[in-house]
Amino acid sequence: MPVLSRLSATALIFVILLASAGAAFAGLGQPTPWQINFQDSASPVMDQIATFNIFLFWITTAIAVFVLILLGIIIVRFNARANPTPSRTTHNTTIEILWTIVPVIILTVIAVPSFRLLFVQLDVPKPDLTVKATGKQWFWSYSYPDNGNFEFASMMVQEKDLKPGQPRLLTADNELVVPVNKVVHVLVTGADVIHSFNVPSFGIRIDAIPGRINETWFKATIEGRFYGQCSELCGKDHSFMPIAVRVVSDSAFATWVGEAKKKYSAEDSVPANALAAAGGPSSR
């Protein structure tokens, strides 16, 4: 039994160190080397997702430790040398009732906060801003129906054109710009095949389906740049269509909108098929 206790203590310490290491390696707005946990939260929804994840972590850890202890007891007490005459018992009503009821209780405890979180994710509050994200092969285009209804394409910046500090495969030439501490209502659709709009630090991920409008929302609480990628296998350049979101102050956003209306006016915009014809990253 002392050996079993030492093994249990070692396993628990390893799990705790692993969890704390994940928090240390997690980054804000983009993945970091050796990251084993979520990216740092930058929205209320992601805060709740992170809290729920920790809740599940401790439940699964408790179950794993309990099963490990049971296995240890079985190995030590019921091996052929320690127990040469095994019991012939085949049923135990109490144990059978317990291993039916206890999992039901555990699943119920998990289901209640899970359904609450799903409701928060899908129930869009009154928006301060609406943007539309359209997934195309292989880039995103964004429009702002509340601010002049201009639209622009967001293409991945090639590695040779990156500036110092810009992440590879995540930097886009035209970023989705939103104001800080505002509810952003995101309408998501696809122009050709199914894509997926995913920004981990905001806790949002939703499919972009041709012929259908899906919706999600986020409220960025921190200024800065936040990155995501298409999360559906949408074709040969699937891994080359990043999502770059720049969160700015209200005044900076108002200034950007004024400039964007001129820069992305309808007569100056490049048709989507022309951009696609230019070839994706893998063809250059």
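The values are calculated or read from the model by the stated rules, or taken from the named source; none is laboratory data. None of the values given here were measured: they were computed from a predicted structure. Reconstructed Cβ throughout: ideal geometry from the backbone, glycine too, with neighbour counts over all protein chains shown. Side chains are part of the model used for accessible areas, which takes the heavy atoms of the whole protein and leaves out ligands, DNA and RNA. Shrake-Rupley method; radii C 1.70, N 1.55, O 1.52, S 1.80 Å.
Remarks
- Residue match in region 62-77 (condition: touching a Leu at 6+ places or on another chain (Cβ under 6 Å) and open to solvent by less than 60 Å² (accessible area, probe 1.4 Å)): yes
- Set ARG168, ARG116: member being free of Cβ contacts under 8 Å to residues at least 24 places away in the same chain, on the phi < 0 side of the Ramachandran plot, touching a helix residue (DSSP H, G or I) at 6+ places or on another chain (Cβ under 7 Å) and open to solvent by 20 Å² or more (accessible area, probe 1.4 Å): ARG168
- Residues of region 110-161 satisfying the condition of being among the β-branched types (Val, Ile, Thr) and within 23 Å of GLY211 (Cα to Cα): VAL124, THR130, VAL131, THR134
- Checked against (1) of a type in the set (Val, Ile, Thr); (2) under 18 Å from the mean Cα position of the chain (by Cα); (3) open to solvent by less than 10 Å² (accessible area, probe 1.4 Å), ILE222 passes all but a single condition, namely (3).
- Count - residues of region 45-59 that are closer than 10 Å to GLY203 by Cβ and surrounded by 15 or more Cβ atoms within 10 Å (Cβ to Cβ): 5
- Filtered residue count, region 187-200, keeping only those that are farther than 17 Å from PHE139 by Cβ and assigned to a strand (DSSP E or B): 1
- Condition check for SER20: modelled with pLDDT of 55 or more and hydroxyl-bearing (Ser, Thr, Tyr): no
- Sub-7 Å Cβ pairs linking a first residue in region 82-105 that is more than 30 Å from ILE59 (Cα to Cα) to a second residue that is assigned to a helix (DSSP H, G or I) and open to solvent by 80 Å² or more (accessible area, probe 1.4 Å), at least 6 apart or interchain, are ASN83/ARG77, ordered by first then second residue.
- If you filter region 201-219 down to residues that are open to solvent by 50 Å² or more (accessible area, probe 1.4 Å) and not in a strand (DSSP E or B), you find that the one that is farthest from VAL120 (Cα to Cα) is GLY211.
- Number of residues in region 143-172 that are of a type in the set (Asp, Glu) and part of a helix (DSSP H, G or I) equals 2.
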